[in-house]
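The values are calculated or read from the model by the stated rules, or taken from the named source; none is laboratory data. Keep in mind that this is a model prediction, so the values were computed, not measured. Quick reminder, even Gly has a Cβ in these numbers, built from the backbone with ideal geometry, and neighbours come from all protein chains shown.
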Amino acid sequence: MKLIDETTRQLATIGTTYNGHKLAGFRTPHKPSSSGKCWTADNREYFVGVLGLKWIEREDRNYTPANLAMIANRSALVDLPDSVQEEVLDRVGSDRYKDTVQAIFTYGGYDVRVRRDHELQAFVVSYEKSSWACSLYPVETA
């Protein structure tokens, strides 16, 4: 699990100022739905998001070495929302994907394509914002 600056994608470091607060320390999340906390040089405690920080490669969200090894282009996951990353890792690590050649699914507003690359012996993940939209109300056009 790594703590990064969401803007620069660089590892967060103690003593660096983020969103006007000098980072003095941090604590990893205690459960998958938590974001973790950090504290600043002025002894205040904040959720990591307040400082513009984010945990990546979370083992508690299916970022296990076995699941990551199933993905050839791991860097493709970085820009996906956490919930979509978690879903992709959960699917590639499941028994139902054991013999899968290709799967396409929509999750969290993204169309995700998972394709097995036999040469790499892993899945290649690609995605784009979903173009599918649902409206409860008719849209009037001029």
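Only one of the listed residues (Gly52, Gly25, Gly20) is of a type in the set (Gly, Ala, Ser), surrounded by 14 or more Cβ atoms within 10 Å (Cβ to Cβ) and at pLDDT 85 or above. That residue is Gly52. Residue pairs whose Cβ atoms lie under 7 Å apart, separated by 6 or more positions or on different chains, with the first residue in segment 103-114 and outside the structural domain of Asn73 (by TED's automatic domain parsing) and the second modelled with pLDDT of 90 or more and of a type outside the set (S, T, N, Q), do not occur. I'd like the full set of residues that are over 26 Å from Ser75 (Cα atoms) and either loosely packed, with under 14 Cβ neighbours inside 10 Å or touching a helix residue (DSSP H, G or I) at 6+ places or on another chain (Cβ under 6 Å) (or both), limited to segment 28-44. Residues satisfying the conditions are Ala41, Asp42, Asn43, Arg44.
The set of residues in segment 1-17 that are loosely packed, with under 13 Cβ neighbours inside 10 Å and among the polar types (S, T, N, Q) comprises Thr7, Thr8, Gln10, Thr13, Thr17. Candidates in segment 12-61 are the residues that are among the aliphatic types (A, V, I, L, M), farther than 17 Å from Asp82 by Cα and outside any helix (DSSP H, G or I); of these, the one that is nearest to the chain's Cα centre (by Cα) is Ala12. Residues that are touching a residue at least 24 places away in the same chain (Cβ under 8 Å) and on the phi < 0 side of the Ramachandran plot within segment 2-25 comprise Lys2, Leu3, Ile4, Asp5, Glu6, Thr7, Ala12, Tyr18, His21, Leu23, listed in sequence order. Within segment 118-132, the residues that satisfy the criterion of being surrounded by 13 or more Cβ atoms within 10 Å (Cβ to Cβ) and either within 18 Å of Ala72 (Cβ to Cβ) or modelled with pLDDT of 90 or more (or both) are Ala122, Phe123, Val124, Val125, Tyr127.
Scanning segment 62-105 for residues that are of a type in the set (Lys, Arg), part of a helix (DSSP H, G or I) and either closer than 17 Å to Gln121 by Cβ or touching a Phe, Trp or Tyr at 6+ places or on another chain (Cβ under 9 Å) (or both) turns up Arg74, Arg91.
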